[in-house]
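The structure appears below as C-alpha cells.
The values are calculated or read from the model by the stated rules, or taken from the named source; none is laboratory data. Note that the structure is a prediction, hence the values are computed from the model and not measured. Ideal geometry is used to build each Cβ from the backbone, glycine not excepted, and the neighbour counts take in all protein chains shown.
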Amino acid sequence: MMRYIVTEYKSMGKGKMRLCVNDDCSMPVYAGEVKGFSLAEGRELSEELYQHILHEIVGRRAVKRAMHLLQRQERTERKLKEKLMQSGYPSEAIEDAVSYVKKYRYLDDERYARNYIQFHQEACSRMRLETDLVRRGVPRQLAQRCLEEEFSSDEREKIRALLEKKHFSAEEADHREAARMYRFLAYRGFRACDIAAVMRCGDFDC
C-alpha cells in the first residue's frame, strides 16, 4: 500500500507554498490549507486525505488556471498541458483540468486546427500550415484531415501575390535574384512545381 509522507515545503511567496509529499514538490497549496489540514512535515497522510488534496484542492486550482489560460488564448491540449506543467501542477491535477475543459469544449484541437487554417490559409502554403499546426500541438493525422476539408486557397495565386509584393519580375530578375526568391517561397512550404510554374524557371512535376 502506498504511503504518503509530508517531506518538505517550498515557499512561493504571498502565502503560497509547494507541498512536498514523498519528495515530490508538485502540489501548490496555501499556508491556510497547510494549517487547516495539519500538514506538518513528517506527517503521514491517509489515502483519503491525499486524494482530497490532490483532486479537490490542487485539481480544482489547476482547472481555474486552465480556464484563465484559455480565456487569454486558444490552445491545443498539448500546449495547455505544457503551460500547466510549467506552473508546477502534478500530472493528476493536469488531467483533471484537461478533462474538465474538454468536457465543456473550452479545449478542442479540431476546432483549433480548423480556425487556424481558415484564418491563415490566404497567407500560408498547405505544407506550412500542417507544419505549424503540428508544432502547436495538433496531432498530424488530425491536422491533415482538417486541411483536406478546410484548405481551399489557390497556392499559385498566393505565390503570384508574394512575388508582386516583393516586386519580383521573372523577365527582369537575374539568376541570383531568382534563386533567392525561389528559396524564399520554398521556405514557406510552397511546392517546387508551383513555384516553377509561376516563376517560369523550370519544369517540375507535382
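Tabulated results
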| item | result |
| --- | --- |
| Some residue of region 46-66 being polar (S, T, N, Q), surrounded by fewer than 17 Cβ atoms within 10 Å (Cβ to Cβ), within 29 Å of the chain's Cα centre (by Cα) and closer than 27 Å to Ser99 by Cα | yes |
| Verdict on Glu157 being in a loop (DSSP other than H, G, I, E, B) and among the acidic types (Asp, Glu) | no |
| Subset of region 125-145 that is free of Cβ contacts under 8 Å to residues at least 24 places away in the same chain and of a type in the set (A, V, I, L, M, F, W, C) - its residue that is surrounded by the most Cβ atoms within 10 Å (Cβ to Cβ) | Leu133 |
| Any hit, region 69-79, residues being in contact with a Phe, Trp or Tyr (Cβ under 8 Å, 6 or more places away or on another chain) and more than 30 Å from Arg135 (Cβ to Cβ) | no |
| Of residues in region 154-169 being surrounded by fewer than 17 Cβ atoms within 10 Å (Cβ to Cβ) and not charged (D, E, K, R), the one modelled with the highest pLDDT | His167 |
| Subset of region 73-124 that is outside any helix (DSSP H, G or I) and aliphatic (A, V, I, L, M) - its residue that is surrounded by the most Cβ atoms within 10 Å (Cβ to Cβ) | Leu107 |
| In region 125-153, the residues that are at pLDDT below 95 and assigned to a loop (DSSP other than H, G, I, E, B) | Ser125, Phe151, Ser152, Ser153 |
